[in-house]
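A quick write-up on the structure given underneath.
The values are calculated or read from the model by the stated rules, or taken from the named source; none is laboratory data. Just so we're clear, the structure is a prediction, and the values are computed from it rather than from any experiment. When we count neighbours, we look across all protein chains shown, and the Cβ atoms used for this are built from the backbone with ideal geometry, even at glycine.
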Amino acid sequence: MTRIAIVTDSTSDLTPELRARYGITMVPLNVHFGNESFRDQIDMTTAQFMERLPTSRELPKTSQPPSGLFEETFRNLAQEHDAIVAVLISSKLSGTFQSATLAAEALNQKIPIEVVDSRNASLGLGFQVIRAAELARGGLSPTEIGRELRADTASYHLAFFVDTLEYLQKGGRIGRAASLVGSMLHLKPILGVEEGQIVPYERTRTKTKAIEGLAQFVRGFPRIERLGVLYSSDDDDVNQLEARLLGVHTAEPVYRAQFSPVIGTHVGPGAVGACVYTGEGP
């Protein structure tokens, strides 16, 4: 049986326990506070990031992993694996996919590497990574895994609300949600990821209504194979969301994760989200 390594990046928001369970290798993006650089979820946790964010004179910046780091990771994995599948944050949100593609091209004579653009982020990416690991265990080839994932990207749905659009706007990741900026005063907008970029989903005026809006977003799916909830800084808010989702999904536990520091740079404190994987098929 082909030994396939599964690789993702730190924006997948998979906990170390989940990565260990599925044998997933994580390549970190970077967070920069001025001249200080930190590897996402390695040198800095989300809790540490959120503690530092309010005292920062300017918004921290983020950067993709260099292609050399992907190449080093791939070379190390090639010692014990026959092939690699890398599933990464949307190419419309980060240059991470391009870095991995360059590394894969440099090693194409050494080991087959399938690089997949998830067209998503956070658990919208993380759930695809888990799916890739399951398909690998099921005996599919890297090419078949890539084909399955690309054909099924529309089955992964991520929505979240932010306390303010300031961070997304300044970080340049606001996408089609830019239409909300002029009217964002006193709003807690719910945003989504569609075709790899951030789009407006619903305008809500209070945090309570935003939490209920996320609950309604989840309830709107007739079939849910995986469900996750996310938060950046306030677990009381995500507790409220989780309580509203009791009984909606009973096949598996609800995945619970904190937005990584890189994603936290763009969504800011007070963000809460929900992610649904509806399963294979239309």
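Determine whether region 202-221 contains at least one residue that is touching a strand residue (DSSP E or B) at 6+ places or on another chain (Cβ under 8 Å) and polar (S, T, N, Q). Yes, because at least one residue in region 202-221 is touching a strand residue (DSSP E or B) at 6+ places or on another chain (Cβ under 8 Å) and polar (S, T, N, Q). Entry remark, region 134-158: residues being farther than 19 Å from S90 by Cα and among the aliphatic types (A, V, I, L, M) number 3 in total. For A271, the test of being within 14 Å of I211 (Cβ to Cβ), among the small types (G, A, S) and touching a strand residue (DSSP E or B) at 6+ places or on another chain (Cβ under 8 Å) is passed.
A single member of V238, V262, V229 is within 16 Å of K209 (Cα to Cα) and either touching a Phe, Trp or Tyr at 6+ places or on another chain (Cβ under 8 Å) or crowded, with 23+ Cβ neighbours inside 10 Å (or both), and it is V238.
Tell me, yes or no, whether region 35-55 has at least one residue that is in the same structural domain as E134 (by TED's automatic domain parsing) and free of Cβ contacts under 8 Å to residues at least 12 places away in the same chain.
Within region 35-55, the subset in the same structural domain as E134 (by TED's automatic domain parsing) is none.
No.
Of the residues in region 45-55, at least one is β-branched (V, I, T), closer than 25 Å to Y22 by Cα and surrounded by 20 or more Cβ atoms within 10 Å (Cβ to Cβ). Elements of the type helices (runs of 4 or more DSSP H) sitting completely within region 69-162 and holding at least 3 residues that are within 30 Å of I190 (Cβ to Cβ) and not charged (D, E, K, R): these cover 96-106, 123-137. How many residues, within region 41-61, are in a loop (DSSP other than H, G, I, E, B), touching a helix residue (DSSP H, G or I) at 6+ places or on another chain (Cβ under 6 Å) and under 10 Å from V31 (Cβ atoms)? The number of residues fulfilling the criteria is 2.
Any idea which residue in region 62-94 is farthest from P28 (Cα to Cα), counting only those that are among the polar types (S, T, N, Q) and over 22 Å from the mean Cα position of the chain (by Cα)?
Taking region 62-94 and keeping what is among the polar types (S, T, N, Q), we get 62-64, 67, 73, 76, 79, 90-91, 94.
Of the ones still in play, those that are also over 22 Å from the mean Cα position of the chain (by Cα) are 76, 79.
Details: N76: 16, Q79: 21 Å.
By that ranking, first place goes to Q79.
Report, by residue number, each residue of region 19-34 that is in contact (Cβ under 8 Å) with a residue 60 or more places away in the chain, buried (at least 19 other Cβ atoms within 10 Å of the Cβ) and part of a loop (DSSP other than H, G, I, E, B). The answer is L29, and nothing else.
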